[in-house]
Amino acid sequence: MEKKGLVFNIQHYSLHDGPGIRTIVFFKGCPLRCRWCCNPESQNHYPEVSYDEKRCLSSEVCSECQKVCKNNAIIFSADGKAIIQRDKCSNCMKCIAECPVKAYKKEGTDYTAAKLLAIVEQDSVFYRSGNGGLTVSGGEPLMQGQFLIDLLKAAKKSRLSTAMETCGYADYSILKQAAEYLDTILFDIKSLDNFKHIMYTGQSNQIILNNFESLCRDFPHLHKHVRTPVIPGFNDSIEDLKKIEDYLKDKPAVTYEKLSYHRFGVGKYKTLGRKYPMDD
């Protein structure tokens with residue numbers, strides 16, 4: 001049976017995630033829990049339900065979602081809007097099918113590599129100028145190692161340019177296999193301060209930095225575009241950023257970019273029943 005991968009979004013016509021016009025496939029599941037994460041739906045490696053309260057018709061008009069919920073996870077507020085009690089929700093997805101206004105949404109869908117590639121290739125007319133192609137992102141694509149390799153192999157067989165966005169926190173053997181089929185890697189280096197890195201992402205930076213060193217050694221000609229999201233209170237001092245710049249100075253085939261902090265993903269936390277970690 002062909003292996004499947006869990007994907008939460010496919011974005012067409014992107015201009016900021018690799019050279020040219022890209023189609024981005026977002027893998028679900030990430031080993032980090034960055035406090036500023038703008039895609040919280042990417043974090044868990046399983047399908048889950050998101051809910052947009054603004055779409056809800058209210059219990060005066062409709063209560064179909066509550067009727068089909070066997071776990072009694074859905075209740076209604078004083079103004080009639082549905083509320084998911086997340087500790088009771090099993091992500092059975094039945095509420096999604098019953099909601100007439102699509103207030104509920106499934107975050108995470110299984111795809112085969114062949115099906116994904118067929119979707120990506122629909123945009124191939126846009127790749128012909130500017131080295132456009134497929135970018136795999138997340139979450140963290142390296143968490144779904146074998147499926148990632150299958151997809152990249154298929155993309156190269158179809159002569160597509162390939163890029164990958166990664167936080168770098170993975171087994172190097174998987175990263176090394178993926179790099180064999182990449183034209184560009186967009187590699188996050190968030191901080192060289194291990195204590196801060198643990199505090200703001202939940203994980204040490206040692207595996208990340210070791211993997212980057214190994215990547216530079218084993219793939220000196222692979223284009224490595226390093227990115228640092230500049231986060232208030234975490235790494236936004238001149239000293240922090242200069243340390244990263246100095247660290248990258250002698251690395252082969254490296255370009256560097258600082259990314260501005262934004263709060264575009266704040267609303268997504270509410271749809272998942274979570275609190276945005278950087279509300280303060």
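Which condition breaks for Ile24 when tested against (1) of a type in the set (A, V, I, L, M, F, W, C); (2) farther than 15 Å from Leu186 by Cβ; (3) not in a loop (DSSP other than H, G, I, E, B)?
So Ile24 meets the others, but not (2).
Need the failing condition index for Asp17 against (1) in a loop (DSSP other than H, G, I, E, B); (2) charged (D, E, K, R); (3) open to solvent by 50 Å² or more (accessible area, probe 1.4 Å), just the number.
(3) is the only condition that Asp17 fails.
Give me the pairs: first residue in segment 163-181 and farther than 20 Å from Arg227 by Cα, second residue of a type outside the set (Ser, Thr, Tyr) and open to solvent by 20 Å² or more (accessible area, probe 1.4 Å), beta-carbon distance under 8 Å, and six or more apart or on different chains, which are they?
From residues that are farther than 20 Å from Arg227 by Cα, the pairs are Tyr181/Lys153; Tyr181/Lys156.
For segment 109-146, name all the residues that are of a type in the set (S, T, N, Q), more than 21 Å from Pro47 (Cα to Cα) and either surrounded by 22 or more Cβ atoms within 10 Å (Cβ to Cβ) or touching a Cys at 6+ places or on another chain (Cβ under 9 Å) (or both).
Thr135
Please enumerate the residues belonging to segment 199-235 that are closer than 20 Å to Arg33 by Cβ, of a type in the set (Val, Ile, Thr) and either open to solvent by 30 Å² or more (accessible area, probe 1.4 Å) or free of Cβ contacts under 8 Å to residues at least 60 places away in the same chain (or both).
Within segment 199-235, Ile207, Ile208, Thr228, Val230 qualify.
Each row is one residue, and each column tells you yes or no for (1) in contact with a Lys or Arg (Cβ under 8 Å, 6 or more places away or on another chain); (2) within 17 Å of Leu116 (Cβ to Cβ); (3) of a type in the set (Gly, Ala, Ser); (4) part of a loop (DSSP other than H, G, I, E, B).
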| site | (1), (2), (3), (4) |
| --- | --- |
| Gly139 | yes, yes, yes, yes |
| Leu142 | no, yes, no, no |
| Gln146 | yes, yes, no, no |
| Ile174 | no, no, no, no |
| Leu186 | yes, no, no, no |
| Ser191 | no, no, yes, yes |
| Tyr200 | yes, no, no, no |
| Ser204 | no, no, yes, yes |
| Arg217 | no, no, no, no |
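Can you tell me how many residues within segment 109-135 are outside any helix (DSSP H, G or I), without any contact (Cβ under 8 Å) to a residue 60 or more places away in the chain and not basic (Lys, Arg)?
The number of residues fulfilling the criteria is 1.
Might you check whether a residue that is out of contact with any strand residue (DSSP E or B) (no Cβ under 6 Å at 6 or more places or on another chain) and over 30 Å from Arg217 (Cα atoms) occurs anywhere in segment 242-256?
For segment 242-256, residues out of contact with any strand residue (DSSP E or B) (no Cβ under 6 Å at 6 or more places or on another chain) and over 30 Å from Arg217 (Cα atoms): absent.
Among the residues of segment 237-254, write down those that are assigned to a loop (DSSP other than H, G, I, E, B) and open to solvent by less than 70 Å² (accessible area, probe 1.4 Å).
Ser237, Lys251, Pro252, Ala253
Given the conditions (1) over 29 Å from Glu121 (Cα atoms); (2) part of a strand (DSSP E or B); (3) charged (D, E, K, R), and given that Glu257 satisfies all but one, which numbered condition is not satisfied?
Tallying (1) over 29 Å from Glu121 (Cα atoms); (2) part of a strand (DSSP E or B); (3) charged (D, E, K, R), Glu257 fails exactly one: (1).
Considering only residues that are closer than 26 Å to Gly18 by Cβ and not polar (S, T, N, Q), look in segment 186-198 and name the one that is surrounded by the most Cβ atoms within 10 Å (Cβ to Cβ).
The selected residue is Lys190.
Could you say which residue among Lys102, Lys106 is in contact (Cβ under 8 Å) with a residue 24 or more places away in the chain, among the charged types (D, E, K, R), in a loop (DSSP other than H, G, I, E, B) and open to solvent by 10 Å² or more (accessible area, probe 1.4 Å)?
Lys102
The values are calculated or read from the model by the stated rules, or taken from the named source; none is laboratory data. All figures in this text were calculated on a predicted structure; none of them were measured in a lab. Here the Cβ is made from the backbone with ideal geometry for all residues, glycine too, and neighbour counts use every protein chain on show. These area figures cover heavy atoms from the full protein model, side chains too; ligands, DNA and RNA do not enter into them. Shrake-Rupley method; radii C 1.70, N 1.55, O 1.52, S 1.80 Å.
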